[in-house]
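The values are calculated or read from the model by the stated rules, or taken from the named source; none is laboratory data. The model shown is predicted, which means the values in this text are computed figures rather than measured ones. For neighbour counting, all protein chains shown are included, and Cβ atoms are generated from backbone atoms with ideal geometry for every residue, glycine included.
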Amino acid sequence: MAILDHPPEPPRSDDADGTTTGWRRRARKPLIGLLVCVLLLGVASLAGILWLQAKVEGSIQRLPDTFTGLTDRPARPTAGTAADAMNILVLGTDTRSDTATTGAEAPGWKPGQARSDTMLIVHLDGNRRAASVVSIPRDSWVDIPRHGKGKVNWAYSFGGPSLTVETVETMTDVRIDHLAVVDWDGFEALTDAVGGVDIDIPKTVYDSAHGIRWEAGRHHLDGEQALLYVRQRYGLQEGDLDRVARQQAFLRTLLEQALAQELRTNPEQVLDLLALFAKHASVDDDWSTTQMAKLAASLRNLRTADINYLTVPTEGTAMIGDQSVVRLDPSRDRDLWRAVREDRMDEWAEENQDLMTPDVVR
């Protein structure tokens, strides 16, 4: 996702005087404060653990052998804060199906039936006070082990979760600790569960693939509308790169607007969202419910304003044969992935502001 020139975000009027001060202060509230409280109680007692298992374990699908058989993997850091950092690969699949493709009811990955439509590396700093969400455009032209050159999203079709992890590790030299896969039904359901999300569109655009005209201005999107918004690429100046920027901007708004605000006044919704995530998500079989609970507890000081959103540096799009691809920028990519490995993402982000995803995108 290369960064583009975008107009500044329109002022928000969260305070009576129309300033953004109140909104910014609220955005710095702990991201998952209530969820952490629930999970802290959960891991403190047998009853709580049993509750977690009943609420999550029976719903979430485990992806077998995600890391089994992977050899020549990047070394796990053993010193400094990097030893405590965590890298989670998050995939959104593009399967078209009337039945569940993730979650406990899903049949699991089948060769050739899905590709990773969205790919994110979520880096959690070792001190758990900051995080970075790094998007990898689905058309990135990379080496896919044992399959030669191809688009990075082909790896999921060729070899499922395991080959996708191997491809990303080969590309970045970053060790992936866990994997989560969510299909678009889950994205839509989550958006609806929090009552929709407000987004700003700076300039009117037309999506010729779906026959939708997005007028400039603020829009309140339900799940179905949000799905159309984050998946648009036709009619956008930079195509898939703009689409990736939309996905990041939407995710940030979802966290800030919904999780950081609404959930603080609606504790029951925390439990509903936890169950909803479990229903629509699949995770690697090494990631236990208890481990997820402890991770959530460790994030109690993480604030929405301390999350960086960016796209891996690219040199833009190109044609290889009849394939439209995204060419990565090796000179800048190396520095990014080194910062991830060494747990220096805050420092790197400060020096590469041109790569950060703005609040308002095309």
Those residues of the range 329-345 which are part of a helix (DSSP H, G or I), more than 18 Å from the chain's Cα centre (by Cα) and under 18 Å from Ile307 (Cβ atoms), in sequence order
Ala339
For the range 142-160, does any single residue satisfy the condition of being within 21 Å of Ala281 (Cα to Cα) and in a strand (DSSP E or B)?
no
Arg129 - would you say it is at pLDDT 95 or above and basic (Lys, Arg)?
no
Per-region count, the range 293-309, residues within 17 Å of Gln247 (Cα to Cα) and not aliphatic (A, V, I, L, M)
3
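Okay, residues lined up against (1) closer than 24 Å to Gly196 by Cβ; (2) modelled with pLDDT of 95 or more; (3) not polar (S, T, N, Q):
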residue	(1), (2), (3)
Leu255	yes, no, yes
Asn266	yes, no, no
Pro330	no, no, yes
Ala339	no, yes, yes
Test Asp286 against the stated conditions and say whether it is part of a loop (DSSP other than H, G, I, E, B), in contact (Cβ under 8 Å) with a residue 60 or more places away in the chain, closer than 18 Å to Ala85 by Cα and in contact with an Asp or Glu (Cβ under 7 Å, 6 or more places away or on another chain).
no
Ser132: in contact (Cβ under 8 Å) with a residue 40 or more places away in the chain and assigned to a helix (DSSP H, G or I), yes or no?
no
Could you tell me whether the range 224-233 includes any residue that is aromatic (Phe, Trp, Tyr) and farther than 30 Å from Ser282 by Cβ?
no
Checking the structure you have, find out if any residue of the range 138-150 is surrounded by 20 or more Cβ atoms within 10 Å (Cβ to Cβ), within 30 Å of Gly316 (Cβ to Cβ) and at pLDDT below 95.
yes
Of all residues being hydroxyl-bearing (Ser, Thr, Tyr) and outside any loop (DSSP other than H, G, I, E, B) in the range 194-231, which is surrounded by the most Cβ atoms within 10 Å (Cβ to Cβ)? Just the residue, please.
Tyr229
Give me the residue from the range 171-193 that is in contact with a helix residue (DSSP H, G or I) (Cβ under 9 Å, 6 or more places away or on another chain) and part of a loop (DSSP other than H, G, I, E, B) and, out of that set, farthest from Ala339 (Cα to Cα).
Ile176
For residues that are outside any strand (DSSP E or B) and surrounded by 16 or more Cβ atoms within 10 Å (Cβ to Cβ), tally how many sit in the range 307-328.
2
